[in-house]
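Inspection log for the structure reproduced underneath, given as structure tokens.
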Amino acid sequence: MSLLDPIHAVLKRTGLDAIALVPGANFLRVFGKDFHQMERPLVVIVPRTGSPAAVVPNLELGSFKPLGFPGEIFDWRDEEGYMEAFLSAGRFLPQLGKGSRVGVEGQRMRVFDFLALQQALPLASFTDAHAVISTVRLHKTPAEVAALREAIRRSELALENTLPQVKVGMTEKDIESILLRELFAAGCDGISFDPIVAAGDNAAKPHASARSDYRIKAGDALLFDYGGRYNHFSADITRTFFVGSVSEHDRAFYETVLAANSKGRAFAKPGLTASAVDDAVCKVLENSQFAAFKRHKTGHGLGLDVHEAPQIMRGNQQVLEPGMIFTIEPGLYRDGEAGVRIEDDVVVTESGIESLTTFPRELRIIGL
Ligand code: GLY
Ligand code: MN
Ligand code: MN
């Protein structure tokens, strides 16, 4: 049993000769610890045969050594630069010569990491293996599901404690500050991402930023897309409320999104493809009077990264299997007027899915 077994399994499955990892979610899953990506490169190279090599900034050695890396470490100091350490690592890996193929994390490795690696292994060819490397995170362990469940419990408590403090006339920034305070008060380790607190026309932008110059008023939709982190796992929750009152048109708009969300939660089960789930959810929106206001797919995998595999998207033939976690987050967006999204985090079980998010979804008026 080695730390690198999951990576060796990917090497065997793909026929790649080596995989290079940089800090990030895959690194964290493999080593149980992450490092900040900064101006100092840290790259681990795991060959299919032979001993692995790691290029590590000297100031990180105290954190890296206790991980129990089963290979050779090439450290480098600020004053000498990193290139000699990369070249030494390359000489240590002669099996990665002409004709060898090295998989890298295309969505994570920076260009300067890559150029240094290329110089270290000048005869190897490189391929973007991000998707296949990330399969080490596709199925969550019971402990990982428990961590996300706890992140969600704390995040939902924070939202429940935020809502009574929301009043007509507050800015989105005011409300965001309250939410952030409540997330930390609820015991979250950190936040999954900068929260989206968006009212009225701003809610029609799926990834809006909170404004300090707009005061919420009666009839506004107020969308929260946010999450707290716990033990490295990030909740990703969206609920949309109405401030003071709701028009009949907006009520129908909301109920359409809720019907799509409910469809996804009722429909998803192991054995279906991610494409089939997206199709079922999208059809609810597309067959409604609001079809023109759909902007995005149903959801994405969720774990150590907030957006990861499996993407819940038409065309993705990934079959859902127990232990996978993803979001169901249909939304509708009327530019310049209002947006509604309702987002749940679900885990695939042996017989269906369980929604880890339990915050009520019925239309709720707040801010009175
Ligand atoms: N929140 C919608 C999306 O990123 O697809
Ligand atoms: Mn979200
Ligand atoms: Mn999401």
(request) Go ahead and set up a Gaussian network model of the chain, Cα springs under 10 Å, then flag whichever of Lys297, Lys140, Lys12 fluctuates most. (result) Lys12
(request) Percent of Cα-Cα pairs per 20 Å bin, from 0 to the last occupied bin, for the chain, please list those. (result) 28, 48, 23, 1
(request) Report relative contact order for segment 133-192 in percent, whole number only (criteria: Cα-Cα under 8 Å, sequence separation at least 6). (result) 38 percent
(request) Set the Förster distance to 56 Å, then compute FRET efficiency between Asn58 and Ser212 from the Cβ-Cβ distance, nearest 0.05. (result) 0.85
(request) Name all residues of segment 1-25 having a backbone nitrogen under 16 Å from the label point set 7 Å from the Cα of Gln37 along its Cα→Cβ direction, giving them as ranges. (result) 20-25
(request) Mind checking the full-extension length gain between Ala146 and Lys98? Use 0.36 nm per residue of separation minus the Cα-Cα distance, one decimal, nm. (result) 12.7 nm
(request) Would you calculate, for the chain, the mean residue ellipticity at 222 nm contributed by helices, counting each DSSP H stretch of 4 or more residues as -39,500 (n - 2.57) and dividing by all residues, to the nearest 500? (result) -9500 deg cm²/dmol
(message) What lysines does Lys98 reach when the alpha-carbon gap must be under 27 Å and sequence neighbours fewer than 8 apart in one chain are set aside?
(response) Lys12
(request) Excluding Leu138 itself, calculate the net charge of residues whose Cβ lies under 13 Å from the Cβ of Leu138, where each Lys or Arg counts +1 and each Asp or Glu counts -1. (result) 0
(message) Less than 14 Å Cβ to Cβ from Lys283, Lys/Arg counted +1 and Asp/Glu -1: what total charge do the surrounding residues give?
(response) +1
(request) Compare Ala235, Ala204, Ala129 in a GNM of the chain, Cα atoms joined below 10 Å, and give the one with the largest fluctuation. (result) Ala129
(request) Taking a cut-off of 18 Å between Cα atoms, list the aspartates and glutamates near Lys263, but don't count ones fewer than 8 places away on the same chain. (result) Glu255, Asp278, Asp279, Glu286, Glu329, Glu343, Asp344, Asp345, Glu354, Glu362
(message) Among Gly331, Gly190, Gly301, which one shows the highest mean-square fluctuation when the chain is modelled as a Gaussian network with alpha-carbon springs under 10 Å?
(response) Gly190
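What is the mean projected area of the alpha carbon convex hull for segment 20-144, to one decimal in square nanometres?
7.6 nm²
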(request) Residues in segment 264-280, backbone N under 18 Å from the label point at Glu354 (7 Å along the Cα-to-beta-carbon vector): list them, ranges by number please. (result) 265-271
(message) What distance in nm lies between label points placed 7 Å from Cα along the C-beta direction at Arg91 and Ala252?
(response) 7.5 nm
(request) Please identify the longest segment of the chain free of exposed GluC sites (Glu not before Pro), where exposed means a DSSP state other than H, G, I, E or B and no more than 13 other Cβ atoms within 10 Å. (result) 81-349
(message) Just to be sure I follow: if Rg is taken over the C-alpha atoms of segment 1-57 and Rh is the Kirkwood radius over the same atoms, what is Rg/Rh?
(response) 0.96
(request) Please give the direction-averaged projected area of the C-alpha convex hull for segment 55-211, in square nanometres with one decimal. (result) 14.0 nm²
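Quick note: the coordinates plus some simple rules give every number you see, no bench work behind them. Just so you know, these numbers come straight off a predicted model, no measurement behind them. Neighbour counts are summed over all protein chains in view; Cβ atoms, including those assigned to glycine, are modelled from backbone coordinates with ideal geometry.
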